[in-house]
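S.K.: One structure follows; several queries about it will come next.
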Amino acid sequence: MTEYEAVIGLETHIQLNTQSKIFCSCKADSWNDPPNTNICPVCTGLPGVLPVTNRVVVEKAALLAAAMHAEIQPVSFFDRKNYFYPDLPKGYQISQYDRPLARGGYLDVPLPDGTTRQVTIEKLHIEEDAGKTKNDNGRRLIDFNRCGVPLIEMVTGPDLRSADEAAQYLIRLRQLLRWLGVSEADMEKAHLRCDANVSIRMVGADYLNPKTEIKNVNSIVAVKEAVQTEIERQIREVEAGKRIEAWTLEWDEDAGVLRKMRSKETEADYRYFREPDLLPIHISEAWLAHILQELPELPLERRARFISQYGLPEYDADILTGERSLSDYFEAAVALYPSDPKRVSNWLLNDLMRMLNESGKLASELRLTPDYLVEIIRLVDAGTVNTTTGKSLLDKVEASGKRPGEIVNAEGLAQVSDTGAIRQAAQQIVSANPEQVQSYRKGKTTLIGWFVGQLMRETRGKADPQLARSILEELLSE
Amino acid sequence: MRRQGFTQSRYVIIPAMSLTLEEVEHIAELARLELTEAEKARYREQLSAVLDYIARLQELDTENIPPTSSVLPARTPLRPDVPRPGLPLEELMKNAADTEQEQFRVPPVLD
């Protein structure tokens, strides 16, 4: 059996999260808005209008380019890409062609086996989105809300080697986009769209075989499945002595199959020319420096630093840097509790992550601030509350917004470490349950857990469990 | 070295001296124009004349002259990112040939 490897490149369209559109002041995000409610003469291509570029689009694009290690061009141009389609009211899309905003660049993608795949970027430019065509029983209805929404088109080199790597690239890209705050990067809402170019070759070969292009893949899982399906199909074809033709395929998510799309005869004849209505974008050194002030420490850098600086396991560091505000939260908490970063990490991974998942909030939106979390950990450390109470405090602080110490006082949650009080409660339980006491004394010592449970219930969870256990053991062995 | 008889833009290389009939048909197709045989012949002639003229300009030595994309001061004005209401729907739909469910309705198109 011959060994094949897949050669995959991804073309992504990233919707920037600006307030307004790229060349007019209409609201950019129309999610849940009725059709044709965020449109104006500019984005619907009425005669006599002129586009004016949104400053923040250039800034967010430059920020992303810098994070992709691309070379930001001091001068770049807009071009018209001409084609006719009903959802493209001007008859051309304003894009960039031979003088894009940035050149080169790469994204490092850590792989599950511990290695890193460096994925090169072949193309990174700004463009406007087109509208939406809806087919409704043979009728074609057009919604122009999406016309003029700012996009970054980013195309990778043929650097990915498996369906899983393609998925990993998208996961890391999505993480980066959210980290930078340039896009919501929600694939289900089409903020991040992906086409995949797939071919196969013998392992170790350095040439490229004809590729197919898969369109309409709207989730990371779908990209993985569609690419895997196509790799397997190409291997079957080649094994059967057939040639791979440069088809365009569409992924049918429900059926899990790829369908061949009809190719347009005039495809790729877009007759690009300079957009005469727009002047070139000049990014001065001063402006670029201003933009790059917003460039944060990137996720992979922070992940590496968490491992080296705080001695965290890779697993912890990866999860904590999965999202920027969670990693900021961790650092703020560790600054207040520098003696044991791993202990802070455990509280975040075990408890805070659950709260975030349940509430759908970002770490920065919690009322349980890093300050309050550390206060709870210290209350547990000092033995003021036991671990169970400490964990229940997390939700109480989140619900009330009050300081943990305040809640402990108001609700009388402090751990009972008073031997007398615990002994009294233990004696009551022992005398009230003669049957259990008898079986314990006959050798069923596992019942100790039940006795401790009774005592914790009696003291509303406040007793020091270790102390309770030893007192109970003492009473029961008498 | 510049090749004689070609206009060489950054985008396409068009043989200037005689545009073929097929090229005229292709351009018409891209512009979604249906031309009669007489029109094709006429446009072939006219477009060839335009390209011939461009070819003459190509004879100039522009080796050390940067391309001119615009004669205006070369810096795009930028707009703050502040959304404003656009046009009311009824205003925008006024000139539409056909509308349905607050959307523009278009005839079926070839995919």
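S.K.: Just checking, does segment A:269-287 include any residue being modelled with pLDDT under 95, of a type in the set (Lys, Arg) and in contact with a helix residue (DSSP H, G or I) (Cβ under 8 Å, 6 or more places away or on another chain)?
M.R.: yes
S.K.: Something else about it: I want to confirm something. Restricting to segment B:1-23 and keeping residues that are modelled with pLDDT of 90 or more and within 14 Å of another protein chain (Cβ to nearest Cβ), which single residue is farthest from A:ASP79 (Cα to Cα)?
M.R.: So, considering only residues that are modelled with pLDDT of 90 or more and within 14 Å of another protein chain (Cβ to nearest Cβ), the one farthest from A:ASP79 (Cα to Cα) is B:GLU22.
S.K.: Go through (1) open to solvent by 10 Å² or more (accessible area, probe 1.4 Å); (2) out of contact with any Ser or Thr (no Cβ under 8 Å at 6 or more places or on another chain); (3) closer than 22 Å to A:HIS191 by Cβ for A:LEU124 and report which single condition fails.
M.R.: If we test A:LEU124 against (1) open to solvent by 10 Å² or more (accessible area, probe 1.4 Å); (2) out of contact with any Ser or Thr (no Cβ under 8 Å at 6 or more places or on another chain); (3) closer than 22 Å to A:HIS191 by Cβ, just (1) comes out false.
S.K.: I'd like the residue in segment A:235-259 that is within 33 Å of the chain's Cα centre (by Cα) and touching a residue at least 40 places away in the same chain (Cβ under 8 Å) and, out of all such residues, is farthest from A:ALA196 (Cα to Cα).
M.R.: That would be A:ILE235.
S.K.: Something else now. Just give me the residues in segment A:208-234 being at pLDDT below 90 and over 11 Å from A:ALA196 (Cβ atoms), in sequence order.
M.R.: Selection gives A:ASN218 alone.
S.K.: Sticking with this one: Looking only at residues that are assigned to a loop (DSSP other than H, G, I, E, B), open to solvent by less than 40 Å² (accessible area, probe 1.4 Å) and modelled with pLDDT of 95 or more in segment A:18-34, which one is farthest from A:LEU88 (Cα to Cα)? Walk me through how you get there before you give the answer.
M.R.: As a first pass, look at segment A:18-34 and keep what is assigned to a loop (DSSP other than H, G, I, E, B): A:18-19, A:21-26, A:28-34.
This time we only want the ones that are open to solvent by less than 40 Å² (accessible area, probe 1.4 Å), so: A:18, A:21-26, A:28, A:30.
Still in the list and also modelled with pLDDT of 95 or more: A:18, A:21-26, A:28.
Values: A:THR18: 21, A:LYS21: 15, A:ILE22: 15, A:PHE23: 15, A:CYS24: 16, A:SER25: 18, A:CYS26: 17, A:ALA28: 16 Å.
If we take residues in segment A:18-34 being assigned to a loop (DSSP other than H, G, I, E, B), open to solvent by less than 40 Å² (accessible area, probe 1.4 Å) and modelled with pLDDT of 95 or more, then A:THR18 is farthest from A:LEU88 (Cα to Cα).
S.K.: Moving on. For segment A:153-182, give me each residue that is in a loop (DSSP other than H, G, I, E, B) and open to solvent by 10 Å² or more (accessible area, probe 1.4 Å).
M.R.: Across segment A:153-182, the qualifying residues are A:PRO158, A:ASP159, A:ARG161, A:SER162, A:GLY181.
S.K.: When the residues of segment B:30-47 are filtered to those that are of a type in the set (Lys, Arg) and at pLDDT 90 or above, which remaining residue is farthest from A:ASP269 (Cα to Cα)?
M.R.: B:ARG42
S.K.: Just one of A:TYR92, A:TYR106 is more than 7 Å from every other protein chain (Cβ to nearest Cβ), surrounded by fewer than 22 Cβ atoms within 10 Å (Cβ to Cβ) and within 24 Å of B:ARG32 (Cβ to Cβ); which is it?
M.R.: Going through A:TYR92, A:TYR106 in turn, just one is more than 7 Å from every other protein chain (Cβ to nearest Cβ), surrounded by fewer than 22 Cβ atoms within 10 Å (Cβ to Cβ) and within 24 Å of B:ARG32 (Cβ to Cβ): A:TYR92.
S.K.: Now a separate question. Give all pairs with beta carbons closer than 7 Å in which a residue from segment A:462-478 that is in contact (Cβ under 8 Å) with a residue 24 or more places away in the chain meets a residue that is charged (D, E, K, R); count only pairs at least 6 apart in sequence or on separate chains.
M.R.: Pairs that qualify, where the first residue is in contact (Cβ under 8 Å) with a residue 24 or more places away in the chain and the partner is charged (D, E, K, R), are A:ILE471/A:ARG423; A:LEU476/A:ARG441.
S.K.: Is there a residue being outside any loop (DSSP other than H, G, I, E, B), closer than 30 Å to B:PRO88 by Cβ, open to solvent by 30 Å² or more (accessible area, probe 1.4 Å) and touching a residue at least 60 places away in the same chain (Cβ under 8 Å) anywhere in segment A:67-80?
M.R.: There is at least one residue in segment A:67-80 that is outside any loop (DSSP other than H, G, I, E, B), closer than 30 Å to B:PRO88 by Cβ, open to solvent by 30 Å² or more (accessible area, probe 1.4 Å) and touching a residue at least 60 places away in the same chain (Cβ under 8 Å).
S.K.: Now, a different point. Could we say that A:THR37 is open to solvent by 10 Å² or more (accessible area, probe 1.4 Å), under 16 Å from B:PRO83 (Cβ atoms) and among the hydroxyl-bearing types (Ser, Thr, Tyr) here?
M.R.: On the way: open to solvent by 10 Å² or more (accessible area, probe 1.4 Å): yes; under 16 Å from B:PRO83 (Cβ atoms): yes; among the hydroxyl-bearing types (Ser, Thr, Tyr): yes.
Considered against the rule, which asks whether it is open to solvent by 10 Å² or more (accessible area, probe 1.4 Å), under 16 Å from B:PRO83 (Cβ atoms) and among the hydroxyl-bearing types (Ser, Thr, Tyr), A:THR37 comes out as yes.
S.K.: Name the residues in segment A:13-42 that are over 23 Å from the mean Cα position of the chain (by Cα) and within 7 Å of chain B (Cβ to nearest Cβ), would you?
M.R.: A:SER20, A:SER25, A:CYS26, A:LYS27, A:PRO34, A:PRO35, A:ASN36, A:THR37, A:ASN38, A:ILE39, A:CYS40, A:PRO41
The values are calculated or read from the model by the stated rules, or taken from the named source; none is laboratory data. Every value quoted in this text rests on a predicted model; they were computed, and no experiment measured them. In this analysis, Cβ positions are derived from the backbone assuming ideal geometry, glycine residues included, and neighbour counts consider all displayed protein chains. For the accessible areas, the whole protein counts, side chains as well, though only heavy atoms, and no ligand, DNA or RNA atoms are used. Shrake-Rupley method; radii C 1.70, N 1.55, O 1.52, S 1.80 Å.
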